[in-house]
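What follows is a set of notes on a single structure, which appears directly below.
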Amino acid sequence: MNLKRLIFLLLLPVICFASGKTSSEKIVLAYKLSSININLDGKLTEPMWQRDAIKEFVQRDPNEGNPATEQTNVWVAYDNENIYIAAKLYDSQPNLIDASLARRDNYFSSDWFAFYVDPYNDKKTGYFFGVNAGGTILDGVLFNDSWDDWSWDGIWESKTTVDENGWTVEMKIPFSQMRFNHADAMTWGVNFYREIKRNNEKAYYVMVPKAESGFVSRFAALEGLNGINPKQRFEMMPYLVQKAQYLVHDQGDPFYKSNQYKTSIGADFKVGIGSNLNVDATINPDFGQVEVDPAVINLSAFESYFSEKRPFFIEGMDNFYFGVGGANNNWGFNFGWPELFYSRRIGRSPRGNISDAEYVKYPSETRIFGAAKLTGKLDESTTIGAISAITERTYATLWNNGTRTNEEVEPLTFYNVLRSKKDFNEGRQSLGFMFTSVNRAFNNNLLSNRLSKNAYTFGLDGWTFLDENKEYVLTGAFAGTYVNGSKDYLQNLQKQPLRYFQRPDASYSTFDHDLTSLSGYYGRIMLNKQNGNFYINSAIGFVSPGFEQNDLGFQFMADRINMHTVLGYRWYDPDGIFRSKQVYASYSRSINFEGNTTSNFLWYRLGGTFTNYYELSMGGNFNFQTYNATLTRGGPLGINPSSYYFWVFGSTDRRENLSLNGEIDFSRNSIGAKYNMAHLSLTWKPNTQLTFSIGPSFEVSKALQQWVKNIADPTAVNTYQTRYVFSTIKQHTLSANIRLNWTFTPKLSLQLFMQPFFAVGDYTDFKELAKPRSLNYNYYGQNGSTINYNENGGVYNVDPDGSGPAQAFSFNNPNFNYKSLRGTAVLRWEAMPGSILYFVWSHNQTNFDNAGEFNFARDFKQLWSSEGDDVIMIKFSYWLDI
């Protein structure tokens with residue numbers, strides 16, 4: 001498909017622009033405190049709270065547009081250092097108020113009150129602060145008008161009480177915790193929210209109908225913020241970590257005892273530059289994770305993605321999203337906006353190889369000397385974000401015959417990110433840029449063969465609304481990359497799964513032994529309808545074969561031209577059976593730069609919420625036969641057979657003490673491959689302090705094109721002098737996420753997490769590709785070929801043509817039986833605002849016995865009896881507001 005046809009398909013469905021609605025802006029008055037002090041006790045006895053209150057709340061659920069069923073009174077006050085929010089939430093059935101407890105930022109169905117604020121009054125960004133009747137708190141940031149990010153944790157206080165008339169809440173939020181443009185008289189945006197659990201009622205002071213778009217842009221005006229002179233923000237948070245490790249090890253390991261107990265000391269700093277910018281810095285940061293990454297089995301050629309969990313990086317990450325903005329929905333369909341900054345690259349595990357040794361002390365991570373981050377706004381329409389970090393030159397220590405030697409496994413590395421965006425015409429248009437760099441100082445030639453010397457990315461992104469009512473928006477992003485390094489490194493880079501330049505049938509980008517640099521480009525334009533019952537989203541994008549962002553980003557695609565169009569219809573009004581329902585359908589296609597179709601499918605999804613708040617949804621797709629550029633791991637193109645996929649999901653009312661949700665998936669393709677999955681999740685709340693959940697999943701699959709190995713053979717004339725060995729794999733995967741949360745008070749909680757994981761793969765029917773770009777295979781053991789298995793050595797011996805001229809070859813039995821048990825226990829106590837004590841125990845044990853044979857009872861017994869690793873950690877961080 002050529003580019004003109006793709007553009008035509010993109011724009012064909014756009015035939016009209018419907019009108020939207022706007023609401024008149026409400027005004028909220030903030031009262032200035034002079035001599036009155038607020039006693040934060042949740043009782044509202046101060047005279048300030050006897051003044052006229054804000055009362056007009058409107059339901060969004062369950063009866064959109066109706067007045068709230070219970071009265072809510074809200075007041076806003078402030079002094080020179082804090083803003084205070086008070087609310088009296090009347091309730092005609094106070095005995096039914098839900099005052100359950102949970103750890104901070106753990107939202108659950110309850111009775112809630114929330115305060116939303118847009119301090120810049122930019123109609124796009126802000127903060128939210130929520131409290132339930134039991135005192136559980138949550139907070140985060142708002143961005144892109146209607147999106148939120150819960151990773152931000154401000155330092156603020158609240159207090160609640162429950163009485164015969166309902167419940168009350170008081171909040172005290174320091175101005176220093178928010179960024180804003182300081183002025184003698186300020187107007188902020190503001191909204192309030194109340195949730196009543198028993199009615200599943202969600203009411204707002206400014207309610208945005210479901211069929212309309214926006215949230216922050218609809219806020220009321222908060223006026224009266226006059227004469228505020230907040231102090232300069234300077235916070236310091238020193239920390240102390242004591243770790244004890246009890247690991248499975250060789251008794252003769254000379255490194256074990258010296259590495260068993262570790263003490264770390266460091267500090268984080270936060271400095272306000274005026275009221276609108278923050279500088280975060282860290283010295284000897286503690287970037288350890290409290291919760292373990294999930295266990296996975298990855299049989300593909302690509303890297304697994306894990307989310308960031310380190311506090312220094314997750315706070316304010318919305319400043320660094322690229323391509324995201326303007327549109328309230330982003331659909332991918334085998335494409336998407338590039339993640340130019342993936343923070344887990346900083347401090348990642350070293351990647352250098354080492355020499356053979358009796359014992360090795362190989363570091364699990366690269367220590368970060370220091371890191372600094374700048375975030376905020378230069379003015380009301382210009383955001384800025386910057387990160388700079390330095391990681392140390394890292395060494396592995398080797399032990400041979402009593403002699404210790406060091407070998408460098410990661411060079412001294414400098415990381416930099418710069419991001420800025422500017423809005424125009426009251427947010428109707430925006431233009432931004434992003435720049436990243438990675439620079440390494442090598443002392444080891446072997447490392448220079450594995451890593452780039454320098455890597456740079458630069459991108460432009462933005463959006464423009466196409467109509468006065470902001471119903472249609474066009475977003476776009478364009479980026480370029482450049483990396484350089486040694487010839488060996490560039491040879492390895494060309495052979496990566498994203499590009500496979502060494503493919504013998506490649507015609508667009510081919511392998512070059514003499515390259516010392518590589519560059520590439522990316523572009524995408526997307527149309528999105530923001531509101532209304534009818535929906536459309538359509539995009540076209542391209543990424544060149546040489547695009548390389550993995551040094552500081554996360555890359556999942558290259559050599560691709562993609563398009564998609566999604567059409568949908570949403571019903572928001574109850575009809576006697578459903579409270580709401582929706583249906584979507586899409587077509588998507590991808591080709592590579594040679595013109596070969598690599599993805600081509602139809603997709604659909606439909607579902608709804610019943611009047612009793614049970615949910616049901618289902619969907620699937622039909623994939624047409626396409627080419628596969630990665631099937632042979634650097635060999636000629638293979639074939640993806642046509643296939644179909646179907647799933648169905650259902651859930652009960654989440655307000656109940658016992659709630660369930662489950663999903664069933666299955667897939668088939670035209671040559672007999674199968675995939676079946678069943679998942680069930682149960683959540684039980686026996687009382688207001690305990691929550692238990694368990695979510696087992698079971699997968700059974702049979703794939704007929706599992707790659708095994710490539711064998712060079714000059715007699716394999718039909719497949720470019722290489723034999724591409726495949727097999728059938730039958731795989732069983734059983735896992736469960738088990739959690740117990742016990743919240744003693746809003747500031748003291750215990751979390752237990754356990755994940756048993758079993759993955760068994762049985763390889764059979766070994767064969768080789770008979771002809772490129774086909775589904776034809778030659779099975780070993782047929783037509784004169786032979787295959788024998790040596791059980792003692794665990795090796796398959798193959799003669800591909802029997803008495804013919806081809807050389808025999810062998811390969812190890814690829815069967816696996818991976819079993820693991822991972823878990824954590826985390827006791828968290830917020831001793832004072834911002835000062836937290838953690839006591840953490842983590843455990844991990846694995847077993848690999850009986851490869852290729854799935855027997856749950858036996859496998860569980862083997863796993864349970866295996867030795868495991870235990871790590872105990874105590875961490876205390878103390879917040880100082882200087």
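The values are calculated or read from the model by the stated rules, or taken from the named source; none is laboratory data. A quick note: this is a predicted structure, and the numbers were derived from the prediction, not measured. Here Cβ is always computed from backbone atoms with ideal geometry, including for glycine, and neighbour counts include all displayed protein chains. With ligands, DNA and RNA removed, areas are computed over all heavy atoms of the protein, side chains included. Shrake-Rupley method; radii C 1.70, N 1.55, O 1.52, S 1.80 Å.
Numerical summary
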item: Hits in segment 619-654 (condition: more than 30 Å from residue 723 (Cβ to Cβ), open to solvent by 50 Å² or more (accessible area, probe 1.4 Å) and either acidic (Asp, Glu) or not in a loop (DSSP other than H, G, I, E, B) (or both)); result: 622, 644, 645, 646
item: Condition check for residue 789: under 30 Å from residue 231 (Cβ atoms) and not charged (D, E, K, R); result: no
item: Wholly within segment 375-460, strands (runs of 3 or more DSSP E) carrying at least 3 residues that are in contact (Cβ under 8 Å) with a residue 60 or more places away in the chain, touching a Phe, Trp or Tyr at 6+ places or on another chain (Cβ under 9 Å) and open to solvent by less than 50 Å² (accessible area, probe 1.4 Å); result: 412-424, 429-441
item: Some residue of segment 117-140 being open to solvent by less than 40 Å² (accessible area, probe 1.4 Å), of a type in the set (Val, Ile, Thr), farther than 23 Å from residue 653 by Cβ and under 22 Å from the mean Cα position of the chain (by Cα); result: yes
item: Failed criterion for residue 814 (all others in (1) modelled with pLDDT of 95 or more; (2) assigned to a loop (DSSP other than H, G, I, E, B); (3) surrounded by fewer than 18 Cβ atoms within 10 Å (Cβ to Cβ) hold); result: (3)
item: Condition broken by residue 307, with the remaining ones in (1) open to solvent by 30 Å² or more (accessible area, probe 1.4 Å); (2) on the phi < 0 side of the Ramachandran plot; (3) of a type in the set (S, T, N, Q); (4) touching a strand residue (DSSP E or B) at 6+ places or on another chain (Cβ under 9 Å) satisfied; result: (4)
item: Residue match in segment 345-358 (condition: surrounded by fewer than 17 Cβ atoms within 10 Å (Cβ to Cβ), in contact (Cβ under 8 Å) with a residue 24 or more places away in the chain and under 24 Å from residue 435 (Cα atoms)); result: no
item: Subset of segment 505-514 [in contact with a Phe, Trp or Tyr (Cβ under 9 Å, 6 or more places away or on another chain) and of a type outside the set (S, T, N, Q)]; result: 505, 506, 508, 511, 512
item: Single residue of 683, 728, 719, 743 found to be farther than 22 Å from residue 812 by Cα, at pLDDT 95 or above and touching an Asp or Glu at 6+ places or on another chain (Cβ under 8 Å); result: 719
item: Residue 416 closer than 26 Å to residue 366 by Cα, among the polar types (S, T, N, Q) and in contact with a helix residue (DSSP H, G or I) (Cβ under 9 Å, 6 or more places away or on another chain); result: no
item: Given (1) under 25 Å from residue 704 (Cα atoms); (2) of a type outside the set (A, V, I, L, M); (3) open to solvent by 20 Å² or more (accessible area, probe 1.4 Å); (4) modelled with pLDDT under 95, number of the condition residue 794 does not satisfy; result: (3)
item: Selection from segment 713-730 of residues that are out of contact with any Phe, Trp or Tyr (no Cβ under 9 Å at 6 or more places or on another chain) and either of a type in the set (S, T, N, Q) or within 20 Å of residue 700 (Cβ to Cβ) (or both); result: 715, 718, 719, 721, 722
item: Matching residues, segment 730-756, being buried (at least 16 other Cβ atoms within 10 Å of the Cβ) and under 13 Å from residue 136 (Cβ atoms); result: 741, 743, 746, 747, 748, 749
item: Any hit, segment 797-804, residues being modelled with pLDDT of 95 or more, open to solvent by less than 70 Å² (accessible area, probe 1.4 Å), among the β-branched types (Val, Ile, Thr) and over 21 Å from residue 854 (Cα atoms); result: yes
item: Long-range neighbours under 8 Å by Cβ, at least six apart or interchain, first residue closer than 14 Å to residue 79 by Cα and among the acidic types (Asp, Glu) within segment 166-186, second open to solvent by 10 Å² or more (accessible area, probe 1.4 Å) and in a loop (DSSP other than H, G, I, E, B); result: 184/227
item: Test: residue in segment 763-782 that is within 29 Å of the chain's Cα centre (by Cα) and not in a strand (DSSP E or B); result: no
item: Strands (runs of 3 or more DSSP E) wholly inside segment 135-177 that include at least 2 residues being of a type in the set (D, E, K, R), at pLDDT 95 or above and on the phi < 0 side of the Ramachandran plot; result: 157-163, 166-174
item: Residue within segment 655-667 that is part of a loop (DSSP other than H, G, I, E, B), without any contact (Cβ under 8 Å) to a residue 60 or more places away in the chain, among the polar types (S, T, N, Q) and open to solvent by less than 50 Å² (accessible area, probe 1.4 Å) present; result: no
item: Residue check for residue 508: within 30 Å of the chain's Cα centre (by Cα) and of a type outside the set (Lys, Arg); result: no
item: Of the criteria (1) aliphatic (A, V, I, L, M); (2) open to solvent by 30 Å² or more (accessible area, probe 1.4 Å); (3) modelled with pLDDT of 95 or more; (4) within 32 Å of the chain's Cα centre (by Cα), which one residue 206 fails; result: (2)
item: Residue identified as over 25 Å from residue 700 (Cα atoms), of a type in the set (Asp, Glu) and in a loop (DSSP other than H, G, I, E, B) among 801, 870; result: 801
item: Unique match (being surrounded by 19 or more Cβ atoms within 10 Å (Cβ to Cβ) and modelled with pLDDT under 90) among 196, 228; result: 228
item: For residue 548: the one exception among (1) buried (at least 22 other Cβ atoms within 10 Å of the Cβ); (2) part of a strand (DSSP E or B); (3) of a type outside the set (Phe, Trp, Tyr); (4) within 23 Å of the chain's Cα centre (by Cα); result: (2)
item: Verdict on residue 875 being surrounded by 15 or more Cβ atoms within 10 Å (Cβ to Cβ), modelled with pLDDT of 95 or more and in a strand (DSSP E or B); result: no
item: Residue match in segment 605-625 (condition: farther than 30 Å from residue 536 by Cα and either touching a residue at least 24 places away in the same chain (Cβ under 8 Å) or in contact with a strand residue (DSSP E or B) (Cβ under 8 Å, 6 or more places away or on another chain) (or both)); result: no
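Residues checked against (1) open to solvent by 10 Å² or more (accessible area, probe 1.4 Å); (2) of a type in the set (Ser, Thr, Tyr); (3) touching a residue at least 24 places away in the same chain (Cβ under 8 Å):
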{"residue": "536", "(1), (2), (3)": "no, no, yes"}
{"residue": "541", "(1), (2), (3)": "no, no, yes"}
{"residue": "544", "(1), (2), (3)": "no, yes, yes"}
{"residue": "553", "(1), (2), (3)": "no, no, yes"}
{"residue": "571", "(1), (2), (3)": "yes, no, yes"}
{"residue": "584", "(1), (2), (3)": "yes, yes, yes"}
{"residue": "589", "(1), (2), (3)": "yes, no, yes"}
